[in-house]
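S.K.: Before I ask anything, let me first share the structure, which is written out below as structure tokens.
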Amino acid sequence: MVRVSEIFGPTVQGEGPLIGKPTVFVRTGGCDYRCVWCDTMFAALPEHSQTWAPMSAEEILDQVKKLSGGQPILITLSGGNPAMQDLEPLIKLGKSQGFSFSLETQGSIPRDWFSQLDWLFVSPKPPSSQETPDWSQIEACVNAAGSADIAMKVPVFDEIDYEFAKSVEKRFPTLPLYLQVGNEQTSTEDTKALHEHMIGRYRWLVDLIARDQWYSPTILPQLHAIIWGNERKR
Ligand code: SF4
């Protein structure tokens, strides 16, 4: 059984290489990190575990199918840290029925079944998170992904994070790198203020890469935060 925090969609992927792609999210419960700016604490902290439903692979896929109208769709495995749980039966079952899978993790727990994913997105947490990435585990995650498409994604909140992102590229020079504007305004109800903030931070980040003539990464806003603010289930 998998502890599931929420299943929602169809919506579009708001981050990383699949930005804009229609998807259903399966958000698992539980995380081994405690990033200070985490915007999904309801899926990370054990005190929310009473809201997590134990579900079999069949039950999860049935729920996804209800949402997708029975059509195969990209399933985004997110969390929390989805690598904490055994998602191999779900991936096998879904792929046998035409679904594709991406998984987003901070890279702390490598799993053999990463090789069955279509995409693995590893997001080493920068210094502003107040967590410390374990590079040997991140490397093991990348190696476990085999022929899956892999990309690195770093949220950037400040210039120290930005320098950290450069170090990620040095460690993994062959992997595509995505810089994601950090959204520290997790509690604002004011969508206009959030827009202005996110756009300002995006411009700030573009100015940095232009200043440094660093042209290899892709710079993305948090699309879902711009479109839907900090609403959940989008
Ligand atoms: S790794 Fe992700 S889910 Fe876990 S605490 Fe950090 S931001 Fe939240």
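S.K.: Taking the 0 to 90 degree range and rounding to the nearest ten, how far is the long axis of helix 159-171 tilted relative to the main principal axis of the chain, both from C-alpha atoms?
M.R.: Helix 159-171 and the main axis of the chain meet at about 60 degrees.
S.K.: Moving on to the next point. For helix 135-144, what angle does its Cα long axis make with the longest principal axis of the chain, in degrees from 0 to 90 and rounded to 10?
M.R.: 50 degrees
S.K.: For each pair in K65/K92; K21/K153; K125/K153; K95/K153, compute the distance between the two Cα atoms and list the pairs where it is over 21 Å.
M.R.: As for pairs spanning more than 21 Å Cα to Cα, those are K95/K153.
S.K.: For the chain, what is the mean residue ellipticity at 222 nm derived from helices alone (per DSSP H run of n ≥ 4: -39500 (n - 2.57); sum divided by total residues; nearest 500 deg cm²/dmol)? It would help to have the intermediate numbers written out before the result.
M.R.: Details: 6 runs with 72 residues, N = 234.
Only helices count here, giving -9500 deg cm²/dmol.
S.K.: To continue, here is another question. By the 4.7 Å beta carbon criterion, which cysteine residues of the chain come out unpaired?
M.R.: C31, C141
S.K.: Same structure, new question: For K170, go through the aspartates and glutamates and keep the ones whose alpha-carbon is under 16 Å away, minus same-chain ones fewer than eight residues off.
M.R.: Excluding near neighbours in sequence, the set is D134, E139, D161, D212.
S.K.: Given a Förster distance of 25 angstrom, what is the FRET efficiency for H48 paired with D134, based on the Cβ-Cβ distance and rounded to 0.05?
M.R.: 0.50
S.K.: Then there is this: If you count, for each residue, the other Cβ atoms within 10 Å and average over each peptide, how do 33-41, 144-152 line up from highest to lowest? The partial results should precede the final answer.
M.R.: Values: 33-41: 15.9, 144-152: 17.8.
Highest to lowest by the protection proxy: 144-152, 33-41.
S.K.: Now for a different question. Please tell me the relative contact order of the chain in percent, rounded to the nearest whole number, where contacts are Cα pairs under 8 Å and at least six residues apart.
M.R.: 17 percent
S.K.: Here's something else I'd like to know. Set Lys and Arg Cβ to +1 and Asp and Glu Cβ to -1, take the dipole of segment 110-234 about its Cα centre, and tell me which of G229, Q137, W214 lies farthest positive.
M.R.: Selected residue: G229.
S.K.: How tilted is helix 57-68 with respect to the longest principal axis of the chain? Cα atoms for both, answer in degrees (0 to 90, nearest 10).
M.R.: 70 degrees
Every read-out reported here was derived from the displayed coordinates using simple, explicitly stated rules and does not represent laboratory data. If you're wondering where the values come from, they're calculated on a predicted model, not measured in any experiment. In this analysis, Cβ positions are derived from the backbone assuming ideal geometry, glycine residues included, and neighbour counts consider all displayed protein chains.
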